[in-house]
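Accompanying notes for the structure given below.
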């Protein structure tokens, strides 16, 4: 009888240890998952800020560079895609498209010296540069939150508990767009007037 009680006591003790570990790990996974959501919300805020600045920047450039219609259409389409995206993965893809379109828009500016000295354009360009810096910071924080979460649920025994609790790896990282990996083209020919 004493042996049976001892075995039963050991089983109950092991159950409590495993149960306590599971509850603790699950709570930490929930915290880390919520940290990803919070970090994404910050990314979303600065992406919206950039999207709000773009129409003003485009309108200013349009006044000087009316023949660059395709680039303006690309920027408008990319902005619409970003504002219409709902999931983080869709927003990340739309953001890459917008990065490329903005790069082409800002490259046009080099051909118009009068535009480069326009005070409204310079102010908008400064606002956009500040917003781009904020985006970079928030992207980094978001990627760090995902990396922390993925690492935590990948460690033993958390990987077992994550499977039980339904937590899965999140691969919605921000990565550099293909256009960002290409060196910019420099043109030293005479500017258009």
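Just so it is clear, none of the values below were taken in a lab; they were calculated from the coordinates. What you see is a predicted model, and the numbers here were worked out from it, not measured in a lab. Because the Cβ atoms are built from the backbone with ideal geometry, glycine has one as well, and the counts that use them run over all protein chains shown.
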So the compactness index of the stretch 1-98, its C-alpha Rg divided by 2.2 N^0.38 Å, takes the value 2.16
Expressed as a whole-number percentage, the relative contact order of the stretch 31-181 with C-alpha contacts under 8 angstrom and at least six residues apart is 34
Eigenvalues of the alpha-carbon gyration tensor of the chain, times 5 and square-rooted, give semi-axes in Å, largest first, of 54, 13, 12
Two pseudo-spin positions, 7 Å from Cα along C-beta at residue 123 and at residue 17, lie apart in nanometres by 6.8
Rounded to the nearest 10 degrees, the helix 2-64 long axis (Cα) sits at an angle to the longest Cα principal axis of the chain of 10
Most fluctuating of 149, 112, 173 in the GNM of the chain (C-alpha, under 10 Å) is 112
So, with points 7 Å from each Cα along the Cβ direction, the residue 87-residue 170 label distance in nm works out to 1.4
If one compares the long axis through the Cα atoms of helix 88-109 with the longest principal axis of the Cα atoms of the chain, the angle in degrees, nearest 10, works out at 20
Nearest 10, in degrees from 0 to 90: the angle of helix 119-154 to the longest Cα principal axis of the chain is 20
With a Förster distance of 30 angstrom and the Cβ-Cβ distance between residue 104 and residue 147, calculated FRET efficiency to the nearest 0.05 equals 0.40
In a Gaussian network model of the chain with springs linking alpha carbons closer than 10 Å, the residue among 73, 63, 84 that fluctuates most is 63
